[in-house]
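Some notes on the structure that comes next.
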Amino acid sequence: MHAYDAEVAVVGLGAWGTAALWQLAERGVDCVGLERYGIAHALGASHGGSRMFRTTCLEHPGLVPLARRSLELWQVLQEAAGTRLFVPGGGLLIGPPSGPVAGGTLRAAERHGIAVQRLTPGELADRFPAHTGLDPHDIAVWEPQAGLVRPEATARAAADCAVRAGARVLTGSTVTGLVPEPGGVRVATATGSLYVRRVVVSAGPWLQTLVPGLPLETVRMPLTWYAPDARARRRFTLERFPVFMRELPSGAVLWGCGSEGGHPVKLGLEYAGEGFRTVEPEDTDRSVARTDWESLSRLLARYAPGLPPVPERAAVGRFGRTPDGQFVLGPLPAEPRIIVAGGCNAHGGKHALGVGEALAELATTGRTTVPLEFTAPARFTGR
Ligand SMILES: Cc1cc2nc3c(=O)[nH]c(=O)nc-3n(C[C@H](O)[C@H](O)[C@H](O)COP(=O)(O)OP(=O)(O)OC[C@H]3O[C@@H](n4cnc5c(N)ncnc54)[C@H](O)[C@@H]3O)c2cc1C
């Protein structure tokens, strides 16, 4: 029997992996994080300056407690790191009442007793005048607890706090394989290997390259920033154009937030446009093409007039997608010492700190405080 190089290795240090490492280190666990690039890089799922935070998790009712717990942990991390990571201010969910966005929000709010407010078209126009072109059937729902979180700053803060609590962080360290051995797992890198008791694999949109057999796809999603013209600038500040999701008649979802912290207005279009498509996990192309923003820009005159047709800046993000739209979090049934964390389906940023805590719990006690059975890998792999 070999000596362990660490009790737990965390492979992949994006927003989820750094949170897991922080939580493990806080529990006094001997842990090491391995990251192929650096902390807070712009090649995966955790870059772009902001992520929408909501407690009305329309994606699954079981996510509401996870969002609440994440928010508590954001307060803890902010204090420990001495930097602002959560920006409150509320958020808007717009669309038909039967649809997943506004309707889903109302249903989640009712089920979990979350205070939200349904705005009349007049109230929407008064308070948030940049949102125009409402369909006759659309409703607007205001969630006061919503806000935005900063993914890169959160990852940096969690990694720093993890190191302060005793974790090791190995950047520029690509894991090439995970080999179960008696009593542990060998984590192979290009330059050697580590023998650990358990592994958390939080490799985001690359997860399937290390853990084959999960039905994961890597999806490319463009992010764009638009600078409002001088007359429209006041309409597009974060206060007047807070974080929002808007379901369009085509089914596509327009999302974004107003200018803040030196950033112009941020917008994206989910489930539409040529830029939103599946790619190979190891595809290295992050270049932006006209097709990444053209279909979004065409919508602006109707839904957010005052923004120019060409964005000031654009970038490419990527996330892991599962067939049922839920995360895949938990031990592999065939190899429980390997705990996977992926399939964020572009709604995992708000849960990053709660997910990190759940992963640390799984790696130490095998149970999570927030019930997360609906995310278990066994639903895909069988027991
Ligand atoms: C464009 C976009 C918009 C989004 N908007 C929202 C939003 O508004 N609200 C919300 O809640 N969520 C949102 N999300 C989702 C959210 O950002 C992610 O769920 C969150 O950042 C967690 O990402 P992650 O840590 O799983 O993945 P990543 O950040 O990609 O981290 C995975 C890490 O693993 C590393 N890695 C991969 N393979 C290896 C290997 N072999 N060896 C070592 N390291 C490896 C990678 O380099 C990377 O650093 C969005 C996602 C995208 C892409």
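The values are calculated or read from the model by the stated rules, or taken from the named source; none is laboratory data. Every value quoted in this text rests on a predicted model; they were computed, and no experiment measured them. Glycine gets a Cβ as well: all are built from the backbone with ideal geometry, and neighbour counts include every protein chain shown. For accessibility, only protein heavy atoms count, side chains too; no ligands or nucleic acids. Shrake-Rupley method; radii C 1.70, N 1.55, O 1.52, S 1.80 Å.
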Expressed in angstrom and rounded, the centroid-to-centroid distance over alpha carbons for the range 132-177 and the range 256-326 is 17
Taking Lys and Arg as +1 and Asp and Glu as -1, residues besides Ala227 with C-beta under 14 Å from its C-beta add up to +3
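Under 10 Å from the Cβ of Gly183, count the other residues' Cβ atoms, weight Lys and Arg +1, Asp and Glu -1, and hand me the total.
Details: positive: Arg197, Arg337; negative: Glu181.
Around Gly183, the surrounding residues sum to +1.
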With +1 on the Cβ of every Lys and Arg and -1 on the Cβ of every Asp and Glu, the dipole magnitude of the chain about its Cα centre, in debye rounded to the nearest 20, is 440
Env charge @ Phe241, Cβ radius under 11 Å, K,R +1 / D,E -1, value +4
Once phi for every residue in the range 306-311 is put through the Karplus expression 6.51 cos²θ - 1.76 cosθ + 1.60 (θ = phi - 60°), the whole-Hz ³J(HN,Hα) values, with Gly and Pro written as x, are x, 9, x, x, 10, x
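On full extension of the chain, what length is gained from Ala42 through Glu123, given 0.36 nm per residue of separation minus the C-alpha to C-alpha distance?
On the way: separation 81, 0.36 × 81 = 29.16 nm, distance 3.80 nm.
Going from the current span to full extension adds 25.4 nm.
R0 = 41 Å: FRET efficiency of Arg298 with Thr381, Cβ-based, nearest 0.05?
0.45
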Counting sequence-distant residues (5 or more places) and residues on other chains, those with an amide H built under 5 Å from that of Val328 are Gly342, Gly343
The alpha-carbon center of the range 64-126 and that of the range 184-216 are separated, in whole Å, by 34
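Treating only the Cβ of Lys, Arg, Asp and Glu as charged (+1, +1, -1, -1), what charge dipole size does the range 240-383 show about its Cα centre? Round to the nearest 20 debye.
Details: 16 positive and 16 negative charges, 64 e Å.
For this selection, approximately 300 debye.
Compare the peptides 29-36, 112-119, 222-229 by average per-residue count of other Cβ atoms within 10 angstrom and give them in order, highest first.
Descending mean neighbour count gives 29-36, 222-229, 112-119.
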Measuring from the longest principal axis of the C-alpha atoms of the chain, the long axis of helix 352-364 (C-alpha) lies at a number of degrees, nearest 10, equal to 20
Mean Cβ-within-10 Å packing, highest first, puts peptides 181-194, 354-367, 158-171 in the order 354-367, 158-171, 181-194
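Measure off, as a whole percent, the carbon and sulfur share of the 1.4 Å-probe accessible area of the range 324-368, all protein chains present. Mind dumping the intermediate values first?
Numbers: 640 of 1180 Å².
That fraction is 54 percent.
For the peptides 77-87, 143-153, what is the packing order when you average, over each peptide's residues, the other Cβ atoms within 10 Å and list the highest mean first?
Values: 77-87: 16.0, 143-153: 21.7.
Ranking, from highest mean packing down: 143-153, 77-87.
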Relative contact order as a percentage, the chain, C-alpha pairs under 8 Å and 6+ apart, gives 24
accessible surface per residue for the chain, probe 1.4 Å, DNA/RNA/ligands not counted, whole Å² -> 40
Longest principal axis of the chain (C-alpha) makes with the long axis of helix 15-26 (C-alpha) an angle, in degrees to the nearest 10, of 50
For the chain, longest principal axis from Cα atoms; helix 102-112 axis from its Cα atoms; angle between them, nearest 10 degrees, is 60
